[in-house]
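The values are calculated or read from the model by the stated rules, or taken from the named source; none is laboratory data. Keep in mind that what you see is a predicted model, and the values were worked out from it rather than measured. Glycine gets a Cβ as well: all are built from the backbone with ideal geometry, and neighbour counts include every protein chain shown.
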Amino acid sequence: MVQTLLAALTGLGLLLGLGTGVAPPAGTDFDCQLGGASAVAANVGIVVRDRRDAPAAAAWNVCYVNGFQTQPDERRFWRDRPGLLLQRDGRPVVDDAWGEWLLDIRTKAKRKRLARIVGRWTRACAAAGFDAVEYDNLDSFTRSRGLLRPRHARKYARLLTHAAHESGLAAGQKNWAGFDRRRVGFDFAVAEECGRYDEREAYVAAYGAAVLVVEYRRRDFRRTCTTHGDLLPVLLRDRALAPEGRRAWC
C-alpha cells in the first residue's frame, strides 16, 4: 500500500521539488538495528536495518545505505572501482570517527557512476520489501579536508533521491542539520544526536514531525524527550547499536 501511494505521488512531488510527500507513520516508536537485526518491541512500528538484512515483519522499514562514504568491510569493493574514492596525496580521505573512506562526488561523471552503484542497492532494498531508504553521511563534505563542497552533496543527493523514488521508496536524509530538503526531494530525516548538538529545531523546521531521532547519551535523550518527545519519535541506543544493546523511548 505504501509503495503504491508513493508511486502515484512521485511525479508531482519531484516536479515541485518536495519529494513524494510520504513520511514515516506517526504515533509510533522506532528502532535502529544497524548493528544487527533483533526482535522488534511491541511499541515499535518503524525499524531501520542495514540493506543486507531483511526488513522486519509488520513494520514500516527503512533500509540503511551509506550513500556518501564506504562501509569498513567493503574496502575491496571500492578498491576495484578506481577514481571513485576521494583522495589526498594519493591516499583515501578517511572519516576517522568510523574508519570510512569518503566517496569522490566532485564531478558530474563521478556522481553518475556512484549513483548507478547506490541505485542498484536502492532497488535491492525495494525488492526486499523495504518502504524507505536512508542515505547516510550527507554531511561528508565537512570531513573532506576541504576537498568537497556543499554543492557537490546537493547534486549527488538529488540523484540518490530520484533513484529512491523511482524504486517506490521514500528517501531519508541522514545528518546535515538545517539542510533545505526541498532542493533535492528528501521525505524524512534520521537525526543522530540532535539533542547533543542542539539541532532539534533545525530538523523540525525542515521536516516537521517526519524526523527519527537517535541519541546515544542519556542526558541528551532526556533533554530531547522533554523538548520534542510529544512531536518526534526519540530513541536512546548504545553507540555500537548492538542487537541486544540499550534501548529506551520517551
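Summed over segment 48-80, residues that are outside any loop (DSSP other than H, G, I, E, B) and closer than 30 Å to Asp104 by Cα total 17. Taking the criterion of being among the basic types (Lys, Arg) and crowded, with 22+ Cβ neighbours inside 10 Å, the only residue of segment 156-180 that qualifies is Lys174.
Six or more apart or on different chains, Cβ under 6 Å: which pairs go from a residue in segment 38-61 that's of a type in the set (Phe, Trp, Tyr) to one that's assigned to a loop (DSSP other than H, G, I, E, B)? Could you list them? Once the first residue is of a type in the set (Phe, Trp, Tyr) and sits in segment 38-61, its partners that are assigned to a loop (DSSP other than H, G, I, E, B) give Trp60/Pro24; Trp60/Pro25; Trp60/Asp131. Within segment 159-192, the set of residues being touching an Asp or Glu at 6+ places or on another chain (Cβ under 6 Å) and on the phi > 0 side of the Ramachandran plot comprises Asn175, Trp176.
Does Gly90 satisfy the condition of being surrounded by fewer than 22 Cβ atoms within 10 Å (Cβ to Cβ) and at pLDDT 95 or above? Against the criterion (surrounded by fewer than 22 Cβ atoms within 10 Å (Cβ to Cβ) and at pLDDT 95 or above), Gly90 does not qualify. For the subset of segment 145-155 comprising residues that are buried (at least 20 other Cβ atoms within 10 Å of the Cβ) and over 14 Å from the mean Cα position of the chain (by Cα), which member is farthest from Gly185 (Cα to Cα)? Among those residues, the one meeting the criterion is Leu148.
Within segment 120-173, the residues that satisfy the criterion of being part of a strand (DSSP E or B) and either in contact with a Gly (Cβ under 8 Å, 6 or more places away or on another chain) or farther than 23 Å from Val204 by Cβ (or both) are Ala132, Val133, Glu134, Tyr135, Ala170, Ala171.
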